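Please read the structure below before turning to the comments.
The values are calculated or read from the model by the stated rules, or taken from the named source; none is laboratory data. Please read these numbers as outputs of a predicted model, since none were measured by experiment. Glycine gets a Cβ as well: all are built from the backbone with ideal geometry, and neighbour counts include every protein chain shown.
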């Protein structure tokens, strides 16, 4: 699919899931410029090939862009989106988006695992001091938050 078709596919999937961003600064749908930006950040893979000067994209690109927008719409930063989607397989993306109602499950895709769209926990320890914890990497995020909160309030190390 071309960049225009990619944009239309992602728009349709986001509309199907009725995605509405929690932050008014986040657009409901990515435009062509945003999709190219996602590619430069590594959130979306490079095009499959070029037909002349026209980039050609596949289903994986649409899955990646839709997952990125779902994460952004739920309040995750682009750094969190990059971390959450890094290394995600097509099957994981399919499963996560099907769970969110954005796409119909691909019958050829395994649904054994999914990318967690709620993988990160961000806590404000003090005004302007935010800590983001990757819950897939930290065994007990609540204990870490409690300890950081204690330390930030002047408690002993």
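Among the residues making up segment 5-19, a single one is in a loop (DSSP other than H, G, I, E, B) and within 14 Å of the chain's Cα centre (by Cα): 19.
For segment 14-47, the set of residues classified as in contact with a helix residue (DSSP H, G or I) (Cβ under 8 Å, 6 or more places away or on another chain) and farther than 12 Å from residue 73 by Cβ consists of 31, 32, 35, 36, 38, 41, 42, 43, 44, 45, 46, 47, listed by residue number. Just one of the listed residues (32, 46) is over 21 Å from residue 98 (Cα atoms) and in contact (Cβ under 8 Å) with a residue 12 or more places away in the chain, namely 32. The sole residue among 100, 67 that is surrounded by 13 or more Cβ atoms within 10 Å (Cβ to Cβ), closer than 30 Å to residue 130 by Cβ, at pLDDT below 85 and not assigned by TED's automatic domain parsing to the domain that holds residue 135 is 100. All conditions but one from (1) in contact with a helix residue (DSSP H, G or I) (Cβ under 9 Å, 6 or more places away or on another chain); (2) assigned to a helix (DSSP H, G or I); (3) within 20 Å of residue 121 (Cβ to Cβ) apply to residue 88; the one that does not is (2). For segment 115-131, the set of residues classified as under 20 Å from residue 67 (Cα atoms), touching a strand residue (DSSP E or B) at 6+ places or on another chain (Cβ under 9 Å) and either modelled with pLDDT of 75 or more or not in a strand (DSSP E or B) (or both) consists of 119 only.
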